[in-house]
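Notes to accompany the following structure.
The values are calculated or read from the model by the stated rules, or taken from the named source; none is laboratory data. Fair warning: this is a prediction, and the values are worked out from it, not measured in the lab. As a convention, Cβ positions derive from the backbone with ideal geometry for all residues, glycine included, and neighbour counts pool all protein chains shown.
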Amino acid sequence: MKPATIPRSRPKPRARWLVPAALILLSLVPVIAGAVRLTDLTAGEITPDNARFFDSPVPVLIHIPAVTVYLLLGAFQFVPSLRRGKRGRPSWHRIAGRTLVPAGLLAALSGLWMAVFYDLPPLDGTFLLILRLVFGSAMVVSIVLGFIAVRRRDYIRHSEWMSRAYAIGIAQGTIVVVTIPWSLLIGPADELTRALLIGASWVISLAVAEYFIRRRARGSARPSGRPVEPQPAPSL
């Protein structure tokens, strides 16, 4: 009797692009907001809302382009077909990673600088500042650990840490998904509620990332496409 084989299921070509498409859609919120902020700075019209950026424009001029590159380019890192190189050439995934690591670090570090040194805007209290410092630092640590892992050729750990870093970055889009329903159903949020909603956005993004990390780990642990010897019938 021939040994049984477990068929290896592969996602359809269109299905492979669903994840990056969803990530890009979610990224549009912070990307568009950043473009509006840059337009305000270019126009030179100072308002109470943007005065802190005019006082020290360099960090925000670094942060917005870095976030834009990191979120949009990073979305394509989740396409499996782009991870494979051809005929000894580095894959698109690897080439893009050389841009994403510095972009992610610049985005996180400039965000931390702004959180510490810019004046707090209305409804941004100490609790939200602490959350931004915690998650911003976690993003920096995740990128560094992911870089160290890939240098050691530990590609599994590299993927896990980079997924966590991206989840923290894209939480700026998740914030809108969380806060808009609250505003429509409950009403405007106060300082504490706003901090809790934004914190929940980071937690949700990381929880989704962890779900897919664990799912990939379970999938890689299963034998796929390899012969499976038939098991003897249980004794009676």
- Have a look at TRP161, TRP182, TRP202 and point out the one that is in contact (Cβ under 8 Å) with a residue 60 or more places away in the chain and either in a helix (DSSP H, G or I) or out of contact with any Ser or Thr (no Cβ under 6 Å at 6 or more places or on another chain) (or both). TRP202
- Task: Filter the range 1-41 for residues that are modelled with pLDDT of 60 or more and either at positive phi or of a type in the set (Ser, Thr, Tyr) (or both) and give the result.
- Result: SER27, THR39
- Message: Being under 18 Å from VAL140 (Cα atoms) and touching a helix residue (DSSP H, G or I) at 6+ places or on another chain (Cβ under 7 Å) is the filter here; which residues of the range 108-122 pass it?
- Response: ALA108, LEU109, SER110, GLY111, LEU112, TRP113, MET114, ALA115
- Apart from one, (1) in a helix (DSSP H, G or I); (2) farther than 18 Å from LEU26 by Cβ all hold for ALA66; the odd one out is (2)
